[in-house]
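Step one of this worksheet: look at the structure below.
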Amino acid sequence: MINKACAELMIESSSSWLIGDSTTDIETAQRAGLKSVLVQTGYAGKDGKFRTLPQYEFPSVMEATQFILTSYPKAKAILRKAVLEKKLTPGSIISISGPSRSGKTHLTSLLRELLLDDAQSVQVLPLDSWILPVEQRGPGFTGRHDFASIEEIVRSLVKRDRPLEVSLPIYDRQTRTRSLDTRKCTIKPEDFVLVEGVTAGVSLALQEAAHWKVFVNASQDVRRHRFLQEYRLRGWQEFDSKLLFLEREKDELPAILATQGQAEWIFSWDKLEDDLTRRDILK
């Protein structure tokens, strides 16, 4: 149906979007060459039919539409210029770090698109895959991740001279447990590797290996809104969500912000309008 519509209406699939609430929708978008957006209404991706990950995720269709029409083209223009200035080469490892709910995943998806548009091969390693189940966690925010596995994989990426097979654990945010299944990923020597997550900036192996270090930030108000929205959808009471947010801010934020000085490029979704205007003036 999608292919027929594209042919009859002369629609370019690579610049088109599919917004849906199920993994079937996301899988359909991927097979049809469309950009995929998962909304956290309806099934909210919990139908469990496919392991496919969406490129973007929003609480509602309205917020997804606002992003597509406004933020997306502006952010892509800014990122394109930064990529051209950096002159990245195939095989590069790119670290994308920043506080929780700052928009790292969306920027990673944008960067992946830009590289694919340039006929490059790209693999994404979301460090959230290595979040530990609640009962296995240690103290501090680094204790919530399987840091040993992350460091080992990064060191393997640096040494790769042949295809590297990586198994990505599947973490369920709703139940805060891990699935017995994994996602398989094959990373070739010429692939760009985008390593994204809260812990990216504090991984010593990754900071040493990265050819480009990107830091994504957002105001506390924005991050707090996104955090409470996420946990509301998980069924948490607002008081408990607010308490957890404050605990996380105290626990992880200072350590993450301390790594900002290592970044070679800093991006803020909050300042998107100002950044674009300033660049236009400089032109």
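The values are calculated or read from the model by the stated rules, or taken from the named source; none is laboratory data. In this text, all values refer to a predicted model and were calculated from it rather than measured experimentally. All Cβ positions, glycine included, derive from the backbone under ideal geometry; neighbour counts span all protein chains shown. Note: areas computed on protein heavy atoms with side chains; ligands, DNA, RNA excluded. Shrake-Rupley method; radii C 1.70, N 1.55, O 1.52, S 1.80 Å.
Residue under question is GLU152, and the condition is that it be over 25 Å from LEU257 (Cβ atoms) and open to solvent by 10 Å² or more (accessible area, probe 1.4 Å); does it hold?
Answer is yes for this residue.
Restricting the first member to segment 78-96 and to residues that are polar (S, T, N, Q), and the second to residues that are part of a loop (DSSP other than H, G, I, E, B), the beta-carbon pairs closer than 7 Å and six or more apart or on different chains are SER92/HIS211; SER95/ALA210. Among the residues of segment 83-95, just one is surrounded by 16 or more Cβ atoms within 10 Å (Cβ to Cβ) and in a helix (DSSP H, G or I), namely VAL83. Among residues of segment 212-231 being in a helix (DSSP H, G or I) and hydrophobic (A, V, I, L, M, F, W, C), the one that is nearest to PRO139 (Cα to Cα) is PHE227.
Does THR199 count as among the hydroxyl-bearing types (Ser, Thr, Tyr), within 19 Å of HIS106 (Cα to Cα) and in contact with a helix residue (DSSP H, G or I) (Cβ under 8 Å, 6 or more places away or on another chain)? It is true that THR199 is among the hydroxyl-bearing types (Ser, Thr, Tyr), within 19 Å of HIS106 (Cα to Cα) and in contact with a helix residue (DSSP H, G or I) (Cβ under 8 Å, 6 or more places away or on another chain). On the stretch given as segment 8-23, residues that are touching a Ser or Thr at 6+ places or on another chain (Cβ under 9 Å), open to solvent by 20 Å² or more (accessible area, probe 1.4 Å) and either aromatic (Phe, Trp, Tyr) or more than 21 Å from GLY103 (Cα to Cα) (or both) total 1.
The residue of segment 232-247 that is least open to solvent (accessible area, probe 1.4 Å), among those that are modelled with pLDDT under 90 and either in a helix (DSSP H, G or I) or within 16 Å of GLY140 (Cβ to Cβ) (or both), is LEU233. Of all the criteria given as (1) over 19 Å from THR142 (Cβ atoms); (2) assigned to a strand (DSSP E or B); (3) not aromatic (Phe, Trp, Tyr), the one not satisfied by ARG162 is (2). Report yes if some residue within segment 59-75 is within 29 Å of LYS271 (Cβ to Cβ), open to solvent by 40 Å² or more (accessible area, probe 1.4 Å), in contact with a helix residue (DSSP H, G or I) (Cβ under 7 Å, 6 or more places away or on another chain) and at pLDDT below 95; otherwise report no. Yes; the residues of segment 59-75 include at least one that is within 29 Å of LYS271 (Cβ to Cβ), open to solvent by 40 Å² or more (accessible area, probe 1.4 Å), in contact with a helix residue (DSSP H, G or I) (Cβ under 7 Å, 6 or more places away or on another chain) and at pLDDT below 95.
Looking across SER16, SER36, SER71, one residue alone is of a type in the set (S, T, N, Q) and touching a residue at least 40 places away in the same chain (Cβ under 8 Å). It is SER71.
Is at least one residue of segment 36-57 open to solvent by 60 Å² or more (accessible area, probe 1.4 Å), within 17 Å of the chain's Cα centre (by Cα) and under 29 Å from ARG223 (Cβ atoms)?
Just the residues of segment 36-57 that are open to solvent by 60 Å² or more (accessible area, probe 1.4 Å), to begin with: 41-43, 46, 48-51, 53.
With the extra rule that they be within 17 Å of the chain's Cα centre (by Cα), the set shrinks to 51, 53.
Cutting the leftovers down to under 29 Å from ARG223 (Cβ atoms) gives us 51, 53.
Scanning segment 36-57, I find at least one residue that is open to solvent by 60 Å² or more (accessible area, probe 1.4 Å), within 17 Å of the chain's Cα centre (by Cα) and under 29 Å from ARG223 (Cβ atoms), so the answer is yes.
So that you can scan it fast, the table gives a plain yes or no per residue for (1) free of Cβ contacts under 8 Å to residues at least 40 places away in the same chain; (2) open to solvent by less than 30 Å² (accessible area, probe 1.4 Å); (3) more than 16 Å from GLY201 (Cα to Cα):
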| residue | (1), (2), (3) |
| --- | --- |
| THR108 | no, yes, no |
| ARG112 | no, no, yes |
| GLN120 | no, no, yes |
| PHE141 | no, yes, no |
| ASP172 | yes, no, yes |
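Evaluation of ALA205 against the conditions (1) open to solvent by less than 70 Å² (accessible area, probe 1.4 Å); (2) closer than 20 Å to PRO126 by Cβ; (3) part of a loop (DSSP other than H, G, I, E, B) shows that the sole unmet condition is (3). Just one of (1) among the aliphatic types (A, V, I, L, M); (2) part of a helix (DSSP H, G or I); (3) closer than 30 Å to PHE50 by Cβ fails for LEU253. It is (3).
Apart from one condition, LEU194 fits all of (1) at pLDDT 95 or above; (2) more than 19 Å from the chain's Cα centre (by Cα); the exception is (2).
If you take the residues in segment 185-196 that are out of contact with any helix residue (DSSP H, G or I) (no Cβ under 8 Å at 6 or more places or on another chain) and open to solvent by 10 Å² or more (accessible area, probe 1.4 Å), which one is farthest from LYS159 (Cα to Cα)?
CYS185
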